[in-house]
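A.B. asks: First, the structure itself, so that you have it in front of you.
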Ligand code: SF4
Ligand code: SF4
């Protein structure tokens, strides 16, 4: 039995459940939240502001969407989701200017907001300062309230275990919609107790939000690039409501996850694209396992959004309490090496059990890079080179069309909306 370093007490999974106590072995203790260097976070935010990969990697996004649309069933499901989701995004945007409908009492309303959020179905809720350092350049001044209510909504267990699958894709997008509707309700509640509330739809996120969620104590960043929460690991969808309400901030917590991921490594070993880093690096002032985006997107595009790093995480499957208890007792990672945790099927490629990974053809990872305009210009240069320097009218016309598309999308805020938040959220 390993020596226990400290205990973390968190609310139960359901509103009516008793609180849970997580015992963190001493050897897994690091720091509350994420190890970070504030001066570096400041410097990068100032000198190299963040931008959404929906803009900076738009060429590969369009390429991936075209590939995904070849799957007839998913194409229809996605169309339906986009239609329903767009209404929710627009409704959320309107909350930015909504006035309170009630009078404030002057008392701290943190607990009232948290109780309401839990009643509305959120699994985890915490409050912290809205940190502009993790904001996309294109989302500057998008939200003006000083406090961030960080909300995690659990995605259903059963369909998630079938990842990658159509069922998992359906539950993935429906969870985003369900939590958005709950967020609008939470916003109305905050208005009714006398304060402003800007509901930010997860597809319209202002930046990579995970550092704020960690700061608010909801969980810690996993090696897979997702937030890991105690009850559902990475099986959550995240969104934020900013407010001017009178609130108290929560504190970051050391759940032992930062160190546990280095022992576990299941998602790293199981990733079909070999897109997850074994070791942590310092990136923009934070210590984390960085995702190789160029190795992830081609897999996501071809295999139903992939998500194997979610499915194979023991904290997602068994919860943090059971995972930590097992580790403290045995020194082993719960479920590691079992088909139940590690096995998955890729459509058209077959089943891969523990220790087995698919092999892809040469060219599998080739995809366009950069913004639409970067890619269009690179393409133009390649064509001109292949034609021995001769530039045809068709080549110029193609370049003009792509440039026009790029300019149109750059100024169309709705076209910048994310359909791939997980990668974006990881982009710290
Ligand atoms: S989504 Fe798939 S390819 Fe991307 S990091 Fe996760 S397991 Fe790897
Ligand atoms: S699978 Fe293991 S290494 Fe990956 S995020 Fe989950 S706990 Fe961390």
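A.B. asks: Rounded to the nearest 500 deg cm²/dmol, what is the calculated helix-only ellipticity per residue at 222 nm for the chain, with -39500 (n - 2.57) per DSSP H run of length n ≥ 4?
C.D. replies: The helix-only estimate for the chain comes to -12500 deg cm²/dmol at 222 nm.
A.B. asks: Moving on. Taking a ≥ b ≥ c as the square roots of the Cα gyration tensor eigenvalues, with a/c under 1.5 meaning rounded and otherwise prolate when a/b beats b/c, else oblate, which class fits the range 134-283?
C.D. replies: prolate
A.B. asks: I need 74, 240, 90 ordered by Cβ neighbour count within 10 Å, fewest first.
C.D. replies: 90, 74, 240
A.B. asks: Find the Cα radius of gyration of the range 179-225, compare it with 2.2 N^0.38 Å by division, and give the number to two decimals.
C.D. replies: Output field value: 1.38.
A.B. asks: Once both labels are modelled 7 Å past Cα along the beta-carbon direction, what's the residue 108-residue 7 spacing in nm?
C.D. replies: Each label point is offset 7 Å from its Cα along the Cβ direction, giving 2.4 nm.
A.B. asks: Here's another thing I want to ask about it. If each residue's Cβ is checked for other Cβ atoms within 10 Å, how do 116, 336, 251, 3 rank with the fewest at the top?
C.D. replies: With the sparsest Cβ surroundings first, the list reads 3, 251, 336, 116.
A.B. asks: With the crude spin-label approximation of a point 7 Å out along Cα→Cβ, what separation in nm comes out for residue 99 versus residue 362?
C.D. replies: That separation, rounded to one decimal, is 6.8 nm.
A.B. asks: With a point put 7 Å past each Cα toward its Cβ, work out how far residue 379 is from residue 397 in nm, to one decimal.
C.D. replies: About 1.5 nm, to one decimal.
A.B. asks: Given 10 °C and 1.306 mPa s, compute D for the range 316-399 with the Stokes-Einstein relation, Rh being the Kirkwood radius over Cα pairs; round to the nearest whole µm²/s.
C.D. replies: 88
A.B. asks: Another question, if that's okay. Can you classify the chain as rounded, prolate or oblate using the Cα gyration tensor, where a ≥ b ≥ c are the square roots of its eigenvalues, rounded means a/c under 1.5, and otherwise it's prolate if a/b beats b/c and oblate if not?
C.D. replies: Oblate, because a/c is 1.5 or more while a/b does not exceed b/c.
A.B. asks: Using Cβ contacts closer than 10 Å as the measure, can you line up 345, 323, 128 from fewest to most?
C.D. replies: In order of increasing Cβ crowding within 10 Å: 345, 128, 323.
A.B. asks: Work out the FRET efficiency for residue 20 and residue 91 from their Cβ-Cβ distance, taking R0 = 41 Å, and round it to the nearest 0.05.
C.D. replies: Taking R0 as 41 Å, the efficiency between residue 20 and residue 91 is 0.75.
A.B. asks: Kindly identify the range 269-353 as rounded, prolate or oblate by the Cα gyration tensor criterion: order the square roots of the eigenvalues as a ≥ b ≥ c, call it rounded if a/c is under 1.5, otherwise compare a/b with b/c, prolate if a/b is larger, else oblate.
C.D. replies: oblate
A.B. asks: Of the listed peptides 12-25, 141-154, what is their order by residue-averaged count of other C-beta atoms within 10 Å, with the highest listed first?
C.D. replies: In decreasing order of mean packing, 12-25, 141-154 become 141-154, 12-25.
Each value in this text was obtained by applying a stated rule to the coordinates, not by laboratory testing. Predicted, not measured: the structure shown is a model, and the values here were computed from it. In this analysis, Cβ positions are derived from the backbone assuming ideal geometry, glycine residues included, and neighbour counts consider all displayed protein chains.
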